[in-house]
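A.B. asks: The following block contains the structure, expressed as structure tokens.
The values are calculated or read from the model by the stated rules, or taken from the named source; none is laboratory data. Please read these numbers as outputs of a predicted model, since none were measured by experiment. All Cβ positions, glycine included, derive from the backbone under ideal geometry; neighbour counts span all protein chains shown. Keep in mind that these areas ignore ligands, DNA and RNA; they rest on the heavy atoms of the full protein, side chains included. Shrake-Rupley method; radii C 1.70, N 1.55, O 1.52, S 1.80 Å.
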Amino acid sequence: MHNYIFGDESQLEFFRDETELTDEDQDTRNERNSVYNMKREDYWMYPLIAKDIRKVYPGVNGRPPKVANSNICLKVENGELFGLLGPNGAGKTTLITQLTGLFPPTKGNAWVGGYDIKHNLEMVQLMIGVCPQFDILWENLTVEEHLLFYARIKGIKPQNEEKQVTQALKEVQLTNERKVLTKELPLGMKRRLSIAISLVSSPKIIFLDEPTTGLDPDTRRQLWNILQDCKSSHSQRAMVLTTHSMEEADVLCNRIGIVDQGVLRCIGSQNRLKQIYGGGYH
């Protein structure tokens, strides 16, 4: 057991409970050992490496601390669409917010293209694209203006802006809506615009946080087709998708990690998980 203290203000002590890790299956332990055994110079070869990412929220009103992520280890390879599957509250979005630099991890570190989120966050954020769970859009800007705005934030040179915007619009099938105000778009097209924003600047890895939330079945299926095209159109682009739909993960992902109560319970391809768990996770 290891003892950690959170800051001088709260003097909050908690123990890394080794029993948390007993909920991992053998494939998850193998993934952990693979991350542990990697050489530092090999980190540059992977779009994402997460090593012992842990997030603990202090308890309030006498409640115990809440472990949102429990020492998660994983690596994502070039061209891979990795799915984080789990119910609401499992810790999927918490993990994404740490990997993208929105909140710091309590413990552990992660590397994007060799740059770590603790000491090189500026470089990391230039190399990632993010589609959040809820759209962050402005009603009175056009589709094109949104993409130009984010392209400039990502440091795209002025002479390359038009090319980047056109490519992103093409990938999400919004070319004809280029000059349309966001407030005139249906929900499905707004989600496509959020995905297009994540594609601008040709990031090394894209994080998609439940991109089909709230969509009807037909619109969801259209978005699946777009994501499959995005995956296949760029062989070096990695993507991480969070979802609570087994069907969505089955359709889109190369590998799936199932998260529950902050623990990465199992990891593998669809066939591997079905082979072990008989077509469903128990």
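A.B. asks: From largest accessible area down, sort Ser232, Ser245; use a 1.4 Å probe on the protein chains.
C.D. replies: I get Ser232, Ser245, largest accessible area first.
A.B. asks: Let me ask something else. Which value in Å is the Kirkwood Rh of the stretch 21-146 over different Cα pairs?
C.D. replies: Result for the stretch 21-146, one decimal place: 16.2 Å.
A.B. asks: State, to one decimal in nm, how far the label point of Arg40 lies from the label point of Thr166, with both points 7 Å from Cα in the Cβ direction.
C.D. replies: Spacing of the two 7 Å Cα→Cβ label points: 4.4 nm.
A.B. asks: Cross-link candidates for Lys75: which lysines have Cα within less than 16 Å, leaving aside residues fewer than 8 places away along the same chain?
C.D. replies: Partners found: Lys39, Lys51, Lys92, Lys204.
A.B. asks: Which residue, Leu187, Leu199, Leu227, has the most motion in a Gaussian network model of the chain that connects Cα atoms within less than 10 Å?
C.D. replies: It is Leu187.
A.B. asks: Here's another thing I want to ask about it. Summing -39500 (n - 2.57) over the DSSP H runs of n ≥ 4 in the chain and dividing by its residue number, what mean residue ellipticity at 222 nm do you reach, to the nearest 500 deg cm²/dmol?
C.D. replies: Taking each H run of at least 4 residues, the total per residue is -10000 deg cm²/dmol.
A.B. asks: Give the lysines reachable from Lys190 as a straight Cα distance under 19 Å; neighbours fewer than 8 places away on the same chain don't count.
C.D. replies: Output for Lys190: Lys170, Lys179.
A.B. asks: I'd like the orientation of helix 158-171 relative to the chain: the angle between its Cα long axis and the longest Cα principal axis, in ° from 0 to 90, rounded to 10.
C.D. replies: Taking the Cα atoms of the chain, the angle to 158-171 is about 80 degrees.
A.B. asks: Over the heavy atoms of Phe134, what accessible area does a 1.4 Å probe trace out, to the nearest 10 Å²?
C.D. replies: 140
A.B. asks: Long-range amide H contacts for Met239: which residues qualify at under 5 Å (H placed 1.01 Å from N, peptide plane, sequence gap of 5 or more or a different chain)?
C.D. replies: Glu80, Leu81, Phe82, Ile206
A.B. asks: Moving to a separate point now. How large is the accessible surface of Trp111 in square angstrom, using a 1.4 angstrom probe and rounding to the nearest 10?
C.D. replies: In the full protein context, Trp111 sits at about 30 Å².
A.B. asks: Give the ranking of Val180, Val259 by solvent-accessible surface, highest area first, calculated with a 1.4 Å probe.
C.D. replies: Val180, Val259
A.B. asks: Round to the nearest 10 and report in Å² the accessible area of Arg255, as given by a 1.4 Å probe over the protein chains' heavy atoms.
C.D. replies: 50
A.B. asks: If you roll a 1.4 Å probe over the heavy atoms of the protein chains, what accessible area per residue do you get for the chain, in Å²?
C.D. replies: Value for the chain: 49 Å² per residue.
A.B. asks: For a label point 7 Å from the Cα of Asn140 along Cα→C-beta, name the residues of the stretch 172-195 whose backbone N is under 16 Å from it.
C.D. replies: Flagged as within label range: 181-184.
A.B. asks: OK, next. On the accessible surface of the chain, probed at 1.4 Å, how many percent belong to carbon and sulfur atoms?
C.D. replies: Carbon and sulfur together cover 51 percent of it.
A.B. asks: May I pose another question? What trypsin sites (Lys or Arg not before Pro) does the stretch 21-120 have in DSSP loop regions with at most 15 other beta carbons within 10 Å?
C.D. replies: Lys39, Lys118
A.B. asks: Against the longest alpha carbon principal axis of the chain, how many degrees, from 0 to 90 and to the nearest 10, is the axis of helix 217-233 turned?
C.D. replies: 90
A.B. asks: Leaving ligands and nucleic acids out of the surface, order Ser34, Ser194, Ser233 by accessible area at 1.4 Å, largest first.
C.D. replies: Ser233, Ser34, Ser194
A.B. asks: How high is the FRET efficiency from Ile153 to Leu187, r the C-beta distance, R0 30 Å, rounded to 0.05?
C.D. replies: Efficiency at R0 = 30 Å is approximately 0.80.
A.B. asks: Something else: Using amide H atoms built 1.01 Å from N in the peptide plane, name the residues 5+ places from Leu264, or on other chains, whose amide H lies under 5 Å from its own.
C.D. replies: Ser70
A.B. asks: Counting alpha carbon pairs within less than 8 Å and at least 6 residues apart, what relative contact order, in whole percent, applies to the chain?
C.D. replies: Reported as a whole number, the value is 24 percent.
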